[in-house]
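Student: Take a look at the following structure, please.
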Amino acid sequence: MRIVSVNAWGGARYDDLVAWLPTTAADVVCLQEVTRTPDLGGWTRFEDDARVLPQRADLMADVEAALPAYDGWFTVSDSGPVTDDTGAVHRQHFGLGLFAGPATLVVGARSAYVHGRYTDHGDAWPHSNRPRAAQVARFEQDGRFVTLGHLHGLRDDAGKGDSPARRAQAERLGALVDAMREPGDLVVVCGDLNVLPDSETFAVLAGIGLTDLVGTADTRTSNYPKPVRHASYLLVSDPAAVRDFRVVEAPEVSDHRPLQLDV
């Protein structure tokens, strides 16, 4: 089974992303920063108090079109305003997308909030402390069961250091994954955790038997100008089951590098 995870950056590098995804031969694709805007396609403009970004109106539908044989699952974390090219304002939903390939059987799935709760932000998106959801699914392929969880971790204006909110997020994620897994499952947790390599998040997840494979590797692309290059991680319950793991440097499809795991 091949699992691919990447923060999709709202589709800001849409052409590169949808050209690359079908080439990955992934059995499961986990995307963070996925958008949905009812009854709108094409491009929108996202703005908070720190940045302005181009985003796809419905990245979930874009990826479903690029991966027509896959089953897609969207979970919203929060909603807020975006504008189209005429300046009209639309409500955009922001969250996670998981896509299971045709050879991968989904035998269980659950989503839950690991920080805050669903919020519609009204007239303006906040830059930090936004709600965060996680998706956890259980898959069967060729007689092997895998429990997989992914999330987009809490963003904090104070940086990526540990905080009580981040510890609580890790504890909720661990409990969600632990409740889904069955004896004998390989467990994988991945995503843009928004923490540093020495974060207590990894100690919390070690408590349910998970080992990080990324460490201090650079998980950012040339689109990210800041000096701290750590964000995305992938953890497994049995490192001996890993056939191959890589942080994908090229092509660049986001401001994050994709993570690719073969088990």
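The values are calculated or read from the model by the stated rules, or taken from the named source; none is laboratory data. The model shown is predicted, which means the values in this text are computed figures rather than measured ones. When we count neighbours, we look across all protein chains shown, and the Cβ atoms used for this are built from the backbone with ideal geometry, even at glycine. In case anyone asks, the SASA skips ligands and DNA or RNA and just uses the protein heavy atoms, side chains included. Shrake-Rupley method; radii C 1.70, N 1.55, O 1.52, S 1.80 Å.
Student: Over segment 2-262, what is the percentage of antiparallel beta bridges among all DSSP beta bridges, to the nearest 5? Intermediate values should be presented prior to the final figure.
Tutor: On the way: 59 of 74 bridges.
Here the antiparallel bridges make up roughly 80 percent for segment 2-262.
Student: I would also like to ask the following. Given the Cα-Cα distance of A50 and K226 and 0.36 nm per residue of separation, how much length would full extension add, in nm? Show your work: numbers first, answer last.
Tutor: On the way: separation 176, 0.36 × 176 = 63.36 nm, distance 1.38 nm.
Going from the current span to full extension adds 62.0 nm.
Student: Another question, then. Given a cut-off of under 8 Å on Cα pairs at least six residues apart, what relative contact order in percent is computed for segment 139-263?
Tutor: On the way: 205 pairs, mean separation 29.3, N = 125.
Averaging sequence separation for qualifying contacts and normalising by length gives 23 percent for segment 139-263.
Student: Ok, one more. Quick one: ranking D198, D120 by accessible area, 1.4 Å probe, largest first, what do you get? The partial results should precede the final answer.
Tutor: Values: D198 130, D120 75 Å².
Putting D198, D120 in descending order of accessible area: D198, D120.
Student: Using only Cα atoms, figure out Rg for segment 2-262 and give it as a multiple of 2.2 N^0.38 Å. Don't jump to the answer; show the numbers that get you there.
Tutor: Details: Rg = 17.2 Å, N = 261, 2.2 N^0.38 = 18.2 Å.
Output field value: 0.94.
Student: Mean separation of Cα pairs under 8 Å and 6+ residues apart, divided by the residue count of the chain: what relative contact order is that in percent? Working shown, then result.
Tutor: Numbers: 645 pairs, mean separation 49.8, N = 263.
It comes to 19 percent, rounded to a whole number.
Student: Now for a separate question. Could you give the angle, 0 to 90 degrees to the nearest 10, between helix 164-180's Cα long axis and the longest principal axis of the Cα atoms of the chain?
Tutor: Compared with the principal axis, the helix lies near 60 degrees.
Student: Accessible area per residue of the chain at 1.4 Å probe, in Å²? Provide the component values of the computation, followed by the final result.
Tutor: Values: 10550 Å² over 263 residues.
Accessible area per residue: 40 Å².
Student: What do you get for trypsin sites (Lys or Arg not before Pro) in segment 82-146 restricted to DSSP loop and a cutoff of at most 11 other Cβ within 10 Å of the site's Cβ?
Tutor: Details: sites: R91, R110, R117, R132, R138, R144; in loops: R117.
Filter output for segment 82-146: R117.
Student: DSSP loop (so not H, G, I, E, B), at most 15 other Cβ within 10 Å: list which chymotrypsin sites (Phe, Trp or Tyr not before Pro) in segment 112-166 pass both filters. Intermediate values should be presented prior to the final figure.
Tutor: Numbers: sites: Y113, Y118, F139, F145; in loops: Y118.
Answer in residue order: Y118.
Student: Could you work out the relative contact order of segment 205-260? I mean the mean sequence separation of Cα pairs under 8 Å and 6+ apart, divided by the number of residues, in percent. Present the calculation step by step, with values, prior to reporting the outcome.
Tutor: Details: 75 pairs, mean separation 21.9, N = 56.
Relative contact order comes out at 39 percent.
Student: Which order do T211, T75 take when ranked by solvent-accessible area (1.4 Å probe, heavy atoms of all protein chains), largest first?
Tutor: Details: T211 65, T75 15 Å².
I get T211, T75, largest accessible area first.
Student: Continuing with this model, one more query. When the accessible area of segment 2-262 is split by element with a 1.4 Å probe, what percent falls to carbon and sulfur? Before the final figure, lay out each step's value.
Tutor: On the way: 5220 of 10490 Å².
Carbon plus sulfur share of accessible area: 50 percent.
Student: Give the accessible area for W20 in Å² (nearest 10); use a 1.4 Å probe, count only protein heavy atoms, and leave out ligands, DNA and RNA.
Tutor: Estimated to the nearest 10 Å², W20 gives 20 Å².
Student: Leaving out ligands, DNA and RNA but keeping every protein chain, what accessible area does D78 have, in Å² rounded to the nearest 10, with a 1.4 Å probe?
Tutor: 0
Student: Also: Per DSSP H run of n ≥ 4, the term is -39500 (n - 2.57); total these for the chain, divide by its residue number, and report the mean residue ellipticity at 222 nm rounded to 500 deg cm²/dmol. Don't skip to the end; give the middle numbers.
Tutor: Details: 4 runs with 39 residues, N = 263.
Value at 222 nm, helices only: -4500 deg cm²/dmol.
Student: With every protein chain left in place and a probe of 1.4 Å, what is the accessible surface of T23, to the nearest 10 Å²?
Tutor: Here the residue's solvent-accessible area equals roughly 100 Å².
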